[in-house]
Amino acid sequence: EKKPCPLCPEEKFKACYSHKLHRHLQNLHWKVSVEFEGYRMCICHLPCRPVKPNLVGDQTFSKMGAHYHCIICSATITRRTDMIGHINRHVNKGETESRFITVPAPKSSHEVLKESATDVQVLPNYSTPQKTDSYFNPKMKLNRQLIFCALAVLAEERKPIECLDAFGATGIMGLQWAKHLRSSVKVTINDCNENSVTMIHENCHLNKMKVKLNTKEDYNDEAMGDGEENTDTIEVTKMDANVIMHLRSFDFIHLDPFGTSVNYLDSAFRNVRNLGIVSLTSTDISSLYAKAQHVALRHYGCNIVRTEYYKELAARIVIAAVTRAAARCNKGIEVLLAVALEHFVLVVVRVLRGPSPADDSAKKIRYLIHCQWCEERIFQKEGNMVEENPYQQLPCDCHGSMPGKTAVVLGPLWSGALFNTGFLRRMLFEAVQYGLDEAQPLLKTLVCEAECTTLKHFSTHSPYDENKQEECGVYIKTPNTSAESYLVHRKRKSDEVIRNTAKRQKSENSAEHPAFYYNIHRHSIKGMNMPKLNKFLNYLSEAGYRVSRTHFDPMGVRTNAPLAQFKTILMKYSTPTYAGGQAEGPVHLTEDVQAGEQVQAAADCKAEDDEFLEDDKSGVAVAMFTKDYPTHCAAD
C-alpha cells in the first residue's frame, strides 16, 4: 500500500511504497534532524511557516520554506544551526518541559554485520557513501585481509607496533587488527566525522574492546574478566587525517579515503618510523584505469592511455606518487605489494629513512615508450641527454613500416619491482595461520608472479624458519644481573632486530620480475586456435624464458620474452580453426611460409583476411597452410 510522507506536501512528494518512503525519511528528514533529550525534531516541509509574499504583477505568491518546530515552545526555525542555538537557550533558562505531545525517537535501525569474527553496526545505507556517514563496502573484504596480513608480518618483526587506520568509518579494520593481533599492536582509529566516531565507539563495545577516547579511558564492564590485563585497548580520535599524522609517529599507517589518496601522502611520510609500512587503497579507478585521463594528469601528474596492461600501469602510477612524496621527506621506499583489482588499487611500501634511499627510489621513476600498433613497450633509458630517435629504443619496427607517429610517451611511472617475494611468503603464512581463505589464492598467485614462475613449481615452506635463532633469542634477567647490563642488552637486542630486518630485505630482493605482461587473446592469430594458457606457459618456459601468470589479468602472461618471440611461439603452437579434430601441437610451416611471416606481420593491418600473400620479387603465391591441410583445398 502506498503511503504519503507526513512531513512533505503531496505535490512535492507523492505517495509511495514503504521501502521508498523509508529511504526518503532517512535521507531528507532524519539525517538533518535536531536531537534533544531522546527526541528528534525533523525538518518539516509542510505549509506551516509561509515566507514573505512576493508581488508579481497583480498576483501575490507565497512560498513555503523548510523549517523546524521547537519541542518546547511554538517557534518555527528555518536553519538547523539556529534551531540548535534556540534549544540551547531554552536549556540555559531551565526550560526543558515540552508543551506538545511528543513522539519518542525510534530505536536505531542499525544492522549488524560480521566479518572475520568481528561484528560491526552499520547504517541502513551503509553501501552508498553519498548517503551515509559510516561507509562499509563488503566487496573490500579481500583488501582488508591483505592489509591485515601485511600488519601481521610487521608485528612479527617487532613488538609492539603503533598502527593507524586514518579513515575508520565503521572501524572494522582497526577492530580486526586489535582482536586478532591483541597485545602485538596498539591500534588508533581516526575519523573526522562525529557520527563515524560514535559508530566506532559503539562497535568497540560490541566487540568487547576497551576504548580510549579523548585521553579519558572509557571501559566496557563486559570487556574484562577478573584478573584480565588491560591489553585490548583501542584509541579513537576525531581529527583530520593530515593533522594526526603530523602530530604523532606510527609504525604502520593505512590510508583508505574515498577516491584518491595523494592529498595525504606528505603527512603519512612525515612522521612514519624507520622500516615502518605505509599502505594505501585508491578507489579512483576511473582516472587510474585511463577512463578519465585528465583527472589522472591533475591528481598524479601522469600522462596515460588505455592499454592492455592498464591495471599494472595504474599500480605504477600510484607508486610513483608515493615515491615522490617520500622523497620530499628524505625517505626512500621498498615496494612490498601492489595489487590492482576491479574496485581498488592497493599499494604497500616499506619506509627507508635517509637521503641515499630517497635518491635511489627517485631514480626508478621513468617514462615509458608505448607502441600503439603492436602494444610493445619499454622504459626510457636513464640519463638526461636528448634521444635523437626515441623509436629506436622500441624492439618493434612499427615506426619504419607504418605511416605517421606510432608511439606515445607515458608517465612518469615507477620502473622497479612491484613485489617482495619474501614478504609475500610471510603474508601467505599469516593468511594460513589466521584462516583468511579469500586472500590465500591471490597471495599464491602473487608469490609466483614475484618469482616469475608457475604454480607447478610453487613450494610451501615456512618463511620464519630461516634466521630463527638470530631473531628469537631469549635473555633472562637473574638477581645477579645488573640493571646496566640488562639495559645494554635490550639496546643491543633492538639494534639486532633492525639489522636482521635489513639482512632479510637484502636476501628477499632477488632477481626482479619482468615489467608488464601480454594478453594472449590480444596477440592471437585470426583463424587459429590458441593453445591452452598453462600449456603455452610451458612452451615459453621450454624456450628459455621466465614466465608466470599475473593477477592483473586472468589471460595475461608475464614474461621476459620480446613481443616478437611471444607471437612466434604462439603461432607455432596454434592450430587452424578448420582442423577441428587435430590435436594441439606445433604448426609445421613450409619454408616459403617461414620466409613470408615477416611480410604477413608487416601487411597484417591491410591484408588481414587474405589467405595468400604474393611475393613481389618472385611472383610466387605463398600459401599459409600446414602440411596436413587437404591437397584439393590448397589447389582450390
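The values are calculated or read from the model by the stated rules, or taken from the named source; none is laboratory data. Predicted model only: the values in this text are computed from it and were never measured. Neighbour counts are summed over all protein chains in view; Cβ atoms, including those assigned to glycine, are modelled from backbone coordinates with ideal geometry. Each accessible area value is taken on the protein alone, full model and side chains, heavy atoms only, with ligands, DNA and RNA left out. Shrake-Rupley method; radii C 1.70, N 1.55, O 1.52, S 1.80 Å.
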Restricted to the stretch 239-260 and to residues being small (G, A, S) and either within 19 Å of K186 (Cα to Cα) or at pLDDT 95 or above (or both), the residue surrounded by the most Cβ atoms within 10 Å (Cβ to Cβ) is A241
Scanning the stretch 359-383 for residues that are of a type in the set (G, A, S), touching a residue at least 12 places away in the same chain (Cβ under 8 Å) and surrounded by fewer than 21 Cβ atoms within 10 Å (Cβ to Cβ) gives A362
Only one of (1) under 17 Å from T283 (Cβ atoms); (2) more than 16 Å from the chain's Cα centre (by Cα); (3) in a helix (DSSP H, G or I) fails for T170. Which number is that?
(3)
Pick from the stretch 33-63 the residues that are modelled with pLDDT of 85 or more and outside any strand (DSSP E or B): which of them is surrounded by the most Cβ atoms within 10 Å (Cβ to Cβ)?
I43
Would you confirm whether or not the stretch 344-355 contains a residue that is without any contact (Cβ under 8 Å) to a residue 24 or more places away in the chain and more than 30 Å from N143 (Cβ to Cβ)?
no
Condition (residue is modelled with pLDDT of 95 or more and farther than 21 Å from G556 by Cβ) applied to the stretch 339-348: is it met by at least one residue?
yes
Going by what's in this entry, would E387 be described as of a type in the set (D, E, K, R), part of a loop (DSSP other than H, G, I, E, B), touching a residue at least 12 places away in the same chain (Cβ under 8 Å) and out of contact with any Leu (no Cβ under 9 Å at 6 or more places or on another chain)?
no
If the Cβ limit is 8 Å and pairs must be 6+ apart or interchain, which residue in the stretch 318-340 that is of a type in the set (K, R) pairs with which residue that is part of a helix (DSSP H, G or I) and open to solvent by less than 10 Å² (accessible area, probe 1.4 Å)?
R328/F269; K331/F269; K331/A358
When T81 is evaluated against the numbered criteria (1) surrounded by 13 or more Cβ atoms within 10 Å (Cβ to Cβ); (2) modelled with pLDDT of 80 or more; (3) among the β-branched types (V, I, T), which criterion, by number, is the only one it fails?
(1)
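Residue-wise test of (1) open to solvent by less than 30 Å² (accessible area, probe 1.4 Å); (2) touching a helix residue (DSSP H, G or I) at 6+ places or on another chain (Cβ under 6 Å); (3) β-branched (V, I, T).
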site	(1), (2), (3)
Y300	yes, yes, no
R316	yes, no, no
A325	yes, yes, no
A340	yes, yes, no
V345	yes, yes, yes
M385	no, no, no
E388	no, no, no
Within the stretch 186-204, restricting attention to residues that are open to solvent by 10 Å² or more (accessible area, probe 1.4 Å) and not in a helix (DSSP H, G or I), which residue is farthest from R158 (Cα to Cα)?
N193
Find all pairs meeting these conditions: Cβ atoms under 6 angstrom apart; at least six residues apart or on different chains; first residue within the stretch 390-406 and surrounded by fewer than 16 Cβ atoms within 10 Å (Cβ to Cβ); second residue in a helix (DSSP H, G or I).
S401/A602
Residues of the stretch 173-185 satisfying the condition of being within 21 Å of the chain's Cα centre (by Cα) and either open to solvent by 20 Å² or more (accessible area, probe 1.4 Å) or more than 9 Å from V236 (Cβ to Cβ) (or both)
M173, L175, Q176, W177
Can you spot a residue in the stretch 19-32 that is at pLDDT below 80 and either in a loop (DSSP other than H, G, I, E, B) or touching a strand residue (DSSP E or B) at 6+ places or on another chain (Cβ under 8 Å) (or both)?
no
